[in-house]
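Asker: Okay, handing you the structure first.
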Amino acid sequence: MMKSKTIYLMLTALVLFLSGCNKESKLSPTDDLGIVEMFGPDENADPRVKSMYNDYGVWVRTYFSSIDELTNAILAQDALVAMRGAKNLDEEKIPEVLYYSEALLSNVSKEYANSYFPLELFYVKEYGSLYWIYPVKALGRSRLILMWPNTSEGAIEVTDPVNHYYRDSVLASEVWRKIGTMIVARMEEPLKDFVAAGKAYDDGVAYEKLGDEFDKDEDAWKEENPDANDDDEDEVNSRPYVIKYKKAVAELCRNGGYITGGSSRSFEGDFAEWLRLLVMESYENIKKEYLDNSKSRALKYEVITKYFKEYNWDIQAAGNRYRERFDGYKE
């Protein structure tokens, strides 16, 4: 009897609660919070945009009517956009970014993209003032904003939109590095076997120490060589303090299983660098440059490629393809 009475009271309370709520036909954001309602492309969107969204769970966006559409993210806001402004992509550039997005996403499995990729690739003409430009900017863990055409140092002009992804390695490298850090934000925890294969991360202590020693050695050398020409790159690279520094960083990376010295800071940076390398470089080059001379890197390679294959992503095949096509365009 007591149990039945308790259930009756709970049901009564639930009915009263529901009757007091507004009867909306669908869930929508609360206006007071200023969250823009945008969960995917509408039915009138470009078929390619809808196809990428349906297949990869990534919405390629090329237009905003309010700054809120750029600054409102699931987990973060970027006040710099609001302060310095942003400009919409030129309409004639839209086909270019769709080609680029299709090429980018074709190099990842649908399973992995749906599980870990940013929810949006948002292309804009300008992101900030002329004095504060972000060619690529991650926002929270849900949106990657890219300025198009890209202005990163070393980036090339878009002359072949269909194949630009494979021609501009500077842009592709930066995009994959950003995606890597956003992927880590969606992971429940770091890849334990990957981390265990190398040295423990130290928040950059060892790497920064090498930088401090480099600065001291440079100052001492320049005191002895006041007329040295810093504009001659070959001459600078042949200086003893530069050679010493490069050897020290290379040793740090070999022992720790890192691709770059900065990767020793955290799993986020380490994972992002490995992702960028694997998706853009051939196995032949990776083996020669990174695996044959480092047991830690060889172990990390095995762990991370196996991890991606669990999501049906042969990332090394993507890297082989990128290197082959990139080299072909260079020739």
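Asker: Just to be sure I understand the filter: pairs with C-beta atoms under 8 Å, separated by 6 or more residues or on different chains, first member in the range 149-167 and touching a residue at least 24 places away in the same chain (Cβ under 8 Å), second member surrounded by fewer than 16 Cβ atoms within 10 Å (Cβ to Cβ) and among the hydroxyl-bearing types (S, T, Y). Which pairs pass?
Answerer: Partner pairs satisfying both residue conditions: N163/Y329; Y166/Y329; R167/Y329.
Asker: Still on this structure, I have one more. Can you spot a residue in the range 94-107 that is at pLDDT 65 or above, more than 25 Å from L171 (Cβ to Cβ) and not basic (K, R)?
Answerer: no
Asker: Would you pick out the residues in the range 278-307 that are open to solvent by less than 10 Å² (accessible area, probe 1.4 Å) and aliphatic (A, V, I, L, M)?
Answerer: Within the range 278-307, L278, V279, I286, I304 meet the criteria.
Asker: Just name the residue that is nearest to E189 (Cα to Cα) out of those in the range 253-298 that are part of a loop (DSSP other than H, G, I, E, B), within 22 Å of the chain's Cα centre (by Cα) and in contact (Cβ under 8 Å) with a residue 24 or more places away in the chain.
Answerer: Filtering the range 253-298 for residues part of a loop (DSSP other than H, G, I, E, B) gives 257-260, 266, 281-282, 292-294.
Now narrow it down to the ones that are within 22 Å of the chain's Cα centre (by Cα): 257-260, 266, 281-282.
After this cut, where a residue has to be in contact (Cβ under 8 Å) with a residue 24 or more places away in the chain as well, the list is 257-259, 266, 281-282.
Numbers: G257: 19, Y258: 19, I259: 21, S266: 13, E281: 26, S282: 28 Å.
Filtering first and then ranking leaves S266.
Asker: If R143 satisfies every condition in (1) of a type in the set (D, E, K, R); (2) out of contact with any Ser or Thr (no Cβ under 9 Å at 6 or more places or on another chain); (3) open to solvent by 50 Å² or more (accessible area, probe 1.4 Å) but one, which is the exception?
Answerer: The number of the failed condition is (3).
Asker: Please go through the range 201-212 and pick out each residue that is in a helix (DSSP H, G or I) and open to solvent by less than 70 Å² (accessible area, probe 1.4 Å).
Answerer: Here is the first cut: in the range 201-212, the residues in a helix (DSSP H, G or I) are 205-212.
Listed by number, the residues that qualify are A206, Y207, L210, G211.
Asker: Within the range 248-269, identify whether any single residue is over 21 Å from Y290 (Cβ atoms) and surrounded by 14 or more Cβ atoms within 10 Å (Cβ to Cβ), and answer yes or no.
Answerer: Taking the range 248-269 and keeping what is over 21 Å from Y290 (Cβ atoms), we get none.
Among the residues of the range 248-269, not one is over 21 Å from Y290 (Cβ atoms) and surrounded by 14 or more Cβ atoms within 10 Å (Cβ to Cβ), which makes the answer no.
Asker: Looking only at the range 85-114, which residues are more than 14 Å from R48 (Cα to Cα), outside any strand (DSSP E or B), open to solvent by 20 Å² or more (accessible area, probe 1.4 Å) and in contact with a helix residue (DSSP H, G or I) (Cβ under 8 Å, 6 or more places away or on another chain)?
Answerer: Answer for the range 85-114, where residues must be more than 14 Å from R48 (Cα to Cα), outside any strand (DSSP E or B), open to solvent by 20 Å² or more (accessible area, probe 1.4 Å) and in contact with a helix residue (DSSP H, G or I) (Cβ under 8 Å, 6 or more places away or on another chain): K110, N114.
Asker: Could you please find all residues in the range 224-247 being aliphatic (A, V, I, L, M), surrounded by 12 or more Cβ atoms within 10 Å (Cβ to Cβ) and assigned to a helix (DSSP H, G or I)?
Answerer: From the range 224-247, those aliphatic (A, V, I, L, M) are 228, 236, 242-243; that's our starting set.
Narrowing the set further to residues that are surrounded by 12 or more Cβ atoms within 10 Å (Cβ to Cβ) leaves 228, 236, 242.
Within the range 224-247, V236, V242 qualify.
The values are calculated or read from the model by the stated rules, or taken from the named source; none is laboratory data. Small disclaimer: the values here were computed from a predicted structure and weren't measured. With ideal geometry, Cβ positions are generated from the backbone for all residues, glycine too; neighbour counts draw on all protein chains shown. Surface accessibility is based on the protein's heavy atoms, side chains included, excluding ligands, DNA and RNA. Shrake-Rupley method; radii C 1.70, N 1.55, O 1.52, S 1.80 Å.
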